[in-house]
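A short write-up of the structure that comes next.
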Amino acid sequence: MKPPSILIEVQQALAQLSEFDAIIDVRSPAEFAEDHMPGALNWPVLDNEERHRVGLLYKSSPFEARKIGAALVARNIARHLDEHAEPLSRGWRPLVYCWRGGQRSGAMTWFLGQIGFKARQLQGGYKAYRAQVRETLETQPQGLQFHVLCGRTGTGKTRLLHALERLGAQVLDLEGMALHRGSVLGALPDQPQPSQKRFDSLLWQRFLSFDPARPVFVESESRKIGQLRMPAALYEALRDSQHLYWLQMDEDARVQLLLQDYAHFMTQAEQFCARLDALIPMRGHERVKRWQAQARSGDWASAFRELMVEHYDPGYERSLANHYPQLAQAQRLQLKDAGDAALEACAHEMLKSLVPAEHPISGQD
């Protein structure tokens, strides 16, 4: 009888992902850092420098490159087995992949199989997985019911999303995934944005968790969040949504929220001022220098208030009108402040209005 193939096609592998005991990415650490399959462990068979060296040699002498590469791969696999294999049982079932499902993953899968582990090799490797991610991002958004939270800067849109999620709603937190608040001040302290491929993978994983029969709450965004691009199909689905909310909050409460969200700048005034330089072409030297002077003097409340009223509000409302043609029909929501009690009450009322009286919101999914 012919033994079963160790190769597994990407569609089958992704459908059975939870059945594998581990997902082993044998690419270099740099490749892994750019993006990887959900939950993958990095067991590189060539490190960054080794992969670069073998790749350069391959261009002039494939045979010599294979000799050197084989020795490096064997040593690295031995090291991974020394570090990880001892507690694993005979029935351990990992999924192994590299860039295109070729020599690197084949070598690791062979060694694991010789031990007796039930290893499978992903046919097409990461490249096949990436194609599935792109396909999902092109098709999945059109089948979801997006409810879009709109509102001026500082009205608590992101916090309301989190309150909705705590009550069991389906939420897509784009800024949380992108690690950016979507403005000139939006970069998070000590948290660089993920790569575009990593952002796409996070979106893919989130989309697969959604029930299409239930609404998905999301904050209004433009085509880019920091340096990352929103998938075109997702952008169009948000733009076409018939379920829009317009959040409102008094100016003083908005300033307090901004002071909380951007508190990290209060010990880094020069970094804040450097970011504001990008606004000079739009708002002029004199106005931007006034905001910078307020920050340097510690008058953060005035700086954020003027930024909010003179820059963010007019720019946001023009942009929003272009991105969301149904905005005039948006449901108005008034928040007293961004405290937990006000947010939870608002979230509860939003969810209550979506379900029949005989199916009240319980706070659980």
* Structure fact -> Those residues of the stretch 155-179 that are of a type outside the set (A, V, I, L, M), in contact with a Leu (Cβ under 7 Å, 6 or more places away or on another chain) and more than 20 Å from GLN145 (Cβ to Cβ) come to a total of 3
* Determine, yes or no, whether SER201 is assigned by TED's automatic domain parsing to the domain that holds ASP340, touching a His at 6+ places or on another chain (Cβ under 9 Å) and either among the small types (Gly, Ala, Ser) or surrounded by 17 or more Cβ atoms within 10 Å (Cβ to Cβ) (or both). => yes
* To do: Pick out, from the stretch 270-345, the helices (runs of 4 or more DSSP H) lying fully within it that include 3 or more residues that are of a type in the set (Gly, Ala, Ser) and assigned by TED's automatic domain parsing to the domain that holds LEU257.
  => 300-307, 313-323
* To do: Look at ARG100 and say whether it is charged (D, E, K, R), modelled with pLDDT under 95, touching a Gly at 6+ places or on another chain (Cβ under 9 Å) and under 29 Å from ARG198 (Cα atoms).
  => yes
* Subset of the stretch 100-116 (residues that are assigned to a loop (DSSP other than H, G, I, E, B) and surrounded by fewer than 19 Cβ atoms within 10 Å (Cβ to Cβ)) -> ARG100, GLY102, GLY116
* To do: Please work out which residue is nearest to LYS118 (Cα to Cα), limiting yourself to the stretch 12-32 and to residues that are touching a residue at least 24 places away in the same chain (Cβ under 8 Å) and assigned to a helix (DSSP H, G or I).
  => GLU19
* Asked: Just wondering, is there one or more residues in the stretch 45-66 that are in contact with a Ser or Thr (Cβ under 9 Å, 6 or more places away or on another chain), under 20 Å from TYR126 (Cβ atoms) and among the hydroxyl-bearing types (Ser, Thr, Tyr)?
  -> no
* Would you mention how many residues in the stretch 192-204 are part of a helix (DSSP H, G or I), of a type outside the set (A, V, I, L, M) and in contact with a helix residue (DSSP H, G or I) (Cβ under 7 Å, 6 or more places away or on another chain)? => 6
* Structure fact -> Scanning the stretch 281-318 residue by residue, the ones that are of a type in the set (Asp, Glu) and under 29 Å from the mean Cα position of the chain (by Cα) total 2
* Kindly indicate whether GLY154 is within 30 Å of LEU247 (Cα to Cα), touching a Phe, Trp or Tyr at 6+ places or on another chain (Cβ under 9 Å), among the small types (Gly, Ala, Ser) and not in a helix (DSSP H, G or I). => yes
* Given ALA347, ALA321, which one is free of Cβ contacts under 8 Å to residues at least 24 places away in the same chain and among the hydrophobic types (A, V, I, L, M, F, W, C)? -> ALA321
* Name the pairs whose Cβ atoms lie under 8 Å apart, with the first residue in the stretch 221-236 and hydroxyl-bearing (Ser, Thr, Tyr), the second assigned to a helix (DSSP H, G or I) and surrounded by 14 or more Cβ atoms within 10 Å (Cβ to Cβ), and 6 or more positions between them or separate chains? -> SER222/HIS323
* State which residue is surrounded by the fewest Cβ atoms within 10 Å (Cβ to Cβ) when the search covers only the stretch 144-181 and only residues that are touching a helix residue (DSSP H, G or I) at 6+ places or on another chain (Cβ under 7 Å), without any contact (Cβ under 8 Å) to a residue 60 or more places away in the chain and under 26 Å from LEU354 (Cβ atoms). => ASP173
* Only one residue in ALA263, ALA278 is of a type in the set (A, V, I, L, M, F, W, C), more than 22 Å from the chain's Cα centre (by Cα) and more than 24 Å from ALA338 (Cβ to Cβ), so which one is that? -> ALA278
* Structure fact -> Restricting the stretch 205-264 to residues that are part of a loop (DSSP other than H, G, I, E, B) and small (Gly, Ala, Ser), the one surrounded by the fewest Cβ atoms within 10 Å (Cβ to Cβ) turns out to be ALA213
* Structure fact -> Residue count, the stretch 271-318, condition among the polar types (S, T, N, Q) and loosely packed, with under 13 Cβ neighbours inside 10 Å, comes to 1
* For the stretch 34-51, state whether one or more residues are part of a helix (DSSP H, G or I), farther than 23 Å from PRO194 by Cβ and at pLDDT 95 or above. => yes
* Asked: Listed residues TYR58, TYR97; which is touching a helix residue (DSSP H, G or I) at 6+ places or on another chain (Cβ under 9 Å), assigned by TED's automatic domain parsing to the domain that holds LYS118, closer than 28 Å to TRP204 by Cα and of a type in the set (Ser, Thr, Tyr)?
  -> TYR97
* To do: Please verify whether the stretch 228-246 includes one or more residues that are among the basic types (Lys, Arg) and farther than 28 Å from MET177 by Cβ.
  => no
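The values are calculated or read from the model by the stated rules, or taken from the named source; none is laboratory data. Because the structure is predicted, anything quoted here is derived from the model rather than measured. Neighbour counts are summed over all protein chains in view; Cβ atoms, including those assigned to glycine, are modelled from backbone coordinates with ideal geometry.
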